[in-house]
Each structure stands twice: as structure tokens, then as C-alpha cells.
1. Ignoring ligands, DNA and RNA, please state the percent of accessible area on region 229-414 from carbon and sulfur, probe 1.4 Å.
2. Would you please put 135-141, 36-42 in order of how densely packed they are, using the mean number of other Cβ atoms within 10 angstrom per residue and starting with the highest?
3. With unit charges on the beta carbons (Lys and Arg positive, Asp and Glu negative) and the dipole taken about the Cα centre of the chain, which residue among W125, S432, L222 sits farthest to the positive side?
4. Say each of E317 and M37 gets a label point 7 Å from the Cα, pointing the same way as Cα to Cβ; how far apart are those two points in nm?
5. If Lys and Arg each add +1 and Asp and Glu each add -1, what is the summed charge of the other residues whose beta carbon sits under 11 Å from the beta carbon of E437?
6. Quick one: if you stick a label point 7 Å off each Cα along the C-beta vector at D372 and R51, how many nm between them?
7. Solvent-accessible area of W34, probe 1.4 Å, all protein chains present, reported in Å² to the nearest ten, please.
8. Using modelled backbone amide H atoms (1.01 Å from N, in-plane), which distant-in-sequence or interchain residues come within less than 5 Å of L369's amide H?
Amino acid sequence: FKMFPGRVICKVLCSGEKEVDLAVQSAKAAFKIWSQMSGMERSRVLLEAARIIREQREEIATMETINNGKSIFEARVDIDISWQCLEYYAGLAGSLAGECIQLPGGSFGYTRREPLGVCVGIGAWNYPFQIACWKSAPALACGNAMVFKPSPFTPVSVVKLAEIFTEAGVPKGLFNVVQGGAATGQFLCHHPDVAKISFTGSVPTGMKIMEMAAKGIKPVTLELGGKSPLIIFSDCALENAVNGALMANFLTQGEVCCNGTRVFVERKILDVFTKEVVKRTQKIKIGDPLLEDTRMGALINRPHLDRVQGFIKQAKEQGAEVLCGGDLYVPDDPKLKNGYYMRPCVLGNCTDDMTCVKEEIFGPVMSILPFDTEEEAVERANATKFGLAGGVFTRDIQKAHRVVAALKAGMCFINNYNLSPVELPFGGYKASGFGRENGRAAIEYYSQLKTVCVEMGDVESVF
């Protein structure tokens, strides 16, 4: 692949009902083999896949940068998180077990943790390879098969993951990739041999997937949008808080579901914090994402860039002040002139009722809002339909724990933001979805519990 902004890099055929059925049947056949293997056997295959990803890190990161537009610096981090995820679940695969319960008279019961069958993963375009690993690693560790549909905007790197799994030794068809948009997703969700659906994406699409899954009584994991609060108290370490705000807003061109885009700043430090954030934001290097010093690449496509620009225009009309950025960016390099670049934007003079503060923009746009008291900050932070993430910056550790306990969000950060260790569960409250990716918690969503009751004496009949 080569970098040609604004041009087609490849063409893929959309999978129709026939192709989806072939993928599911192939996965179903592979599941019969994989599910009968021991956890330790599965562990060895996952470890080998992790080794291959680690070995091919640079190649995969480059592919992901071209696939998505994020900087190569970030793409490498994504690939590292991906192989770490496979290693983590490889470590858990051999330890999956039920429990034995003693009953009266020498009788006993036990539980078995069993795989679900063919699981469907539907990914988003902001972290294509990483999301595929987050979904497939626990699914495969538990003994399931998976059919994965990447976003039609980023179809490339997940195919590489399928090749890696095959090379690592999974049964043929255990991890299948189908390409396409909404219609392909519908065929997957309605397929009678699909046991579970895990989706990452927008709230409206998540609602449709939940409706489709309900028709087949299929369990779902939904990792949806957010409009997360980042609360900066006056007793914070200022430089650390500024770094946190930048991390919470401008990773992957701001196209991150858990971004802390509502930055609540205690009024005492509003001016100094805002001045420093603007200064740092203006220094962010934009341009060719394959260059080592680039820190912000291109947005995913023209319609999305136009949508983000529309939010900024509306914010100005509603009284927000553009403190920096927000305009289109044209790099000096002529080969990048058709890229979907914009300068990262900081909005001041924001109020809670503005559209830019209420709706998910999914672009590099930070809204700064002053507050006076802890109680006020928490109340306003929670006044949203979303509940994916939240962050707090303060030196007062009691206050930090008190505030995150009050936040109605599934992923909270204290004196950091947008860290995603694979050991920790990730997922939301409210309209941000339910179910969890990562950590031991994901095992619960890719397995089911069977109870066995064993009688050691004669059956006492009541008849």
C-alpha cells in the first residue's frame, strides 16, 4: 500500500447472504474442533498469534495508518495493545473453570464454563485491528469461533489478522472476515447459527443490532458512543492536567468514543489552564501520518470531516468562541493536498445546552466549561444520556475517589486519560452500552454457565 489521501486504496466485494452463510458454516465446523481442545492448547495458538503480530508490528502499523489515517506513532501503540490482548487471554485460557459445590449426603454439584458457539464481531473504523483483537481474543480463549465484519471504511487490516490466526494454527475458518455495510451486518445478526453479537460503533446502529438480536434471543455486547466529562480541579498538577486534556481529545484525530470532550475546569484556574491548552494544541504537528514526528493525521473521510466542521460552525452560531483551530488544514506536501485534514479545535465560552457540548462530535474538538464546586461539576458531568468514561485531575486523592464514585460512567480515569490496559474491563453505562471488553469480565460475555447436579444416593420421590 502507498499513501494517497482522498483516493481509493483497494476495492473489496460486499458479502451478501450467501457469503455470510458460508462464513458462519465454516466457523461452525471449526468451532467443533476448537471447542474440544483444552484451554492450554488454545493458549499456545493465541500466544503464537501474539508472537507473529509482535514480529510484524511495523508492517501492520503501517497498514493500519493507511487504513485509518492515524499517525504511525499511534498505530504502533494500537498494534502493541493488540498482541498484549492476545497474550492476556492466552494466559486465561488454561485457567477457565467452573466450581464444585458439596451437597447433603455426599451428593454434589458442579458448574462448567462452556463456549457459546459462533460469535459475531462488528468493528468500528477508528481502531480496526485493535478492536478485532479485543473481540476475538476472549472469544477464542473461551473456545468460540468468530465471524468479524470490519467497517467498510477500514476493511484492510482485519484480513491480516485472519491470516495471522491461520498461520498461528487455529482451525480453518475459526476466524472469518466478511466485508460490507449495514446489509451484511443484518445478515449476520439474523443468522440462526450465530450465538452472540459484539458491536462497537454508534448508538443508533447499536439500537438496531439489539433489536435484530432480540428476534433470536442472542446476547449482545454494545460498546457505543460517549460525551465524556473530564473534571479539572484547581489543586491539580497543571501540566499533567493539560497533557490529560490533550490525550482526552486529540488521539486518532479526536475519533475516539471515550474521549473526554467536555472539559470542566474549576474557575480559579480557567484562564491559565485554557491559555496553556491552546498553546499546546497549536503546536500539534499535523500532516503525513507515516512521518515519525506527525501527531495528528487525517480524518476518516470527507463526509465525516464535513460533519465535524458543521458542529464547529453551529457552536459559533450558538455563542461558543473558537480559541484555536477548527479550520481545514492543507499540508505543504502536494501529494497530501486532497487529504481530510483539519486543525485541532478548542472551544471556549461553552454552556451545557450547546449542541457541541451535548452531542458526540467524534473529531478533534474540545469544549471548555467553567465550574465552581465539586457538587456542581459532578451533577453537570452526569447530565448526559451517555456514560462511557470520565476523568478527574486533582492532587486530593480522597476527592478523586469520591468524584469517580459519583460519576455514572463505566471507565474512569484519575490523573490520566485514555489509557486502555487489556487487564482492565472496558465498557459503558446508559446509552453508551453494556457488556465489557478486556479483563476477566469479558470471559463472562463469551461463555455460558452449565450447572450439573449429581445425586449420590437414591432419589426420594414425593409421589
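The values are calculated or read from the model by the stated rules, or taken from the named source; none is laboratory data. Note that the structure is predicted; figures quoted are calculated from it, not measured. Heads up, the Cβs are rebuilt from the backbone with ideal geometry, glycines too, and the neighbour counts pull from every protein chain shown. When the accessible area is computed, the model is the full protein with side chains, heavy atoms only, and any ligands, DNA or RNA have been set aside. Shrake-Rupley method; radii C 1.70, N 1.55, O 1.52, S 1.80 Å.
1. Ligands and nucleic acids excluded, carbon and sulfur reach 51 percent.
2. Answer by packing, highest mean first, reads 135-141, 36-42.
3. W125
4. Those two pseudo-labels are separated by 5.6 nm.
5. +1
6. 6.3
7. Result for W34: roughly 0 Å² accessible.
8. Those lying under 5 Å, H to H, from L369 are V263, F264, V265.
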